[in-house]
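Written out below as structure tokens is the structure these notes cover.
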Amino acid sequence: MNIINNKYKLINKIGSGAFGSIYKGQNIRTNEYVAIKIEPIKHELKLLKNESKIYQYLKDCSNIPSVKWFGKYNNNYYMVIDLLGYSLQDLILAHNKLYLKLTLKIGIKLISIIKTIHEKGLVHRDIKPDNFLFGLNNLNTLYLIDFGFCKKIIFDTEHVKIKKTNGIIGSKNYMSINSHNHIELSRRDDLESIGYILLYLYTGSLPWNNELDEVKILTMKQNILNDNIPNIITNYIKQVKKLDYQETPNYNLIIENFKREIELINQII
């Protein structure tokens, strides 16, 4: 049995990525189940250390899991956080696609969560369905995870300047057009990624899902044409694409637009 820090045992692997793995674990003193994220020290990335600091910085924010412990043990860095439930990706794999009303209700939750992050001066930079998880045995609450690429862009009231990046940041399916073009990401880009999540939730797939060519993916994102996509979603994506680099998005207006559309759907039903 693998015991970390004389307190946590690994149970089974529940996820993995390019920079490490995540396991379901248990506090052997309290029997509480937890999630344990692992990064090999030899990789010298220290992404997990940065991520743990961001979780601590966001500890007073709702819809963000809590860090219970971070440290080195043997050959790895470990971060222990709250164990959560199914992701939005799991939801679509189980149900194929969602009705517009439910898609917009989830959209309101996503906008509210990212607004909280942005108000702390951060951008997430890796918004995708896998990173929004429901609470354990609780489908009413969503949490945002995986802050490995998260970055602070507002210091006091000063916004960092726009610049070119060395490469793409985020998942190709959900990253913004600016990320494809190697432009520094800001709040508008997290919102654009949420737009692609909404598109995915409603249709069950993205037009570029099976496309490997990044240039073709970029072109398809620039020209989203599909009569089956509701105006509320296409208009949202168009609007956030028009935001300036340093512009503060009108989150409340977006939420009100979604709520208004939900009311119209209720009237039809």
Check: Is it true that some residue in the stretch 219-230 is at pLDDT 95 or above, in contact with a Ser or Thr (Cβ under 7 Å, 6 or more places away or on another chain) and not hydroxyl-bearing (Ser, Thr, Tyr)?
Finding: no
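When you scan the stretch 55-112, how many residues do you find that are among the charged types (D, E, K, R) and farther than 22 Å from Ser205 by Cα?
First pass over the stretch 55-112, keeping only residues among the charged types (D, E, K, R): 59-60, 68, 72, 82, 90, 97, 101, 105, 109.
In the following step, the residues that additionally are farther than 22 Å from Ser205 by Cα were identified as 59-60, 68, 72, 82.
Result for the stretch 55-112: 5.
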Check: Is there any pair linking a residue in the stretch 258-269 that is under 12 Å from Leu102 (Cα atoms) to one that is among the charged types (D, E, K, R) and part of a helix (DSSP H, G or I), with Cβ under 7 Å and at least six apart or on different chains, and which?
Finding: Ile262/Lys101; Ile262/Lys105; Ile265/Lys101
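Could you check, for the stretch 248-267, whether at least one of its residues is within 17 Å of the chain's Cα centre (by Cα) and not aliphatic (A, V, I, L, M)?
Start the filter on the stretch 248-267 by keeping residues that are within 17 Å of the chain's Cα centre (by Cα), which leaves 251.
After this cut, where a residue has to be not aliphatic (A, V, I, L, M) as well, the list is 251.
Within the stretch 248-267, one or more residues are within 17 Å of the chain's Cα centre (by Cα) and not aliphatic (A, V, I, L, M).
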Next item on the list: Could you grab me the full set of residues in the stretch 114-129 that are among the charged types (D, E, K, R) and either touching a helix residue (DSSP H, G or I) at 6+ places or on another chain (Cβ under 6 Å) or in contact (Cβ under 8 Å) with a residue 12 or more places away in the chain (or both)?
Entry: Lys115, Lys120, Arg125, Asp126, Lys128
Notebook entry, point to check: Among the residues of the stretch 15-34, which ones are under 17 Å from the mean Cα position of the chain (by Cα) and farther than 22 Å from Tyr86 by Cβ?
Noted result: Ala18, Phe19
Next item on the list: Would you point out which residue out of Asp146, Asp126, Asp156 is more than 15 Å from Asn50 (Cβ to Cβ) and out of contact with any His (no Cβ under 6 Å at 6 or more places or on another chain)?
Entry: Asp156
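The values are calculated or read from the model by the stated rules, or taken from the named source; none is laboratory data. Because the structure is predicted, anything quoted here is derived from the model rather than measured. Every residue, glycine among them, receives a Cβ derived from its backbone with ideal geometry; neighbour counts consider all protein chains shown.
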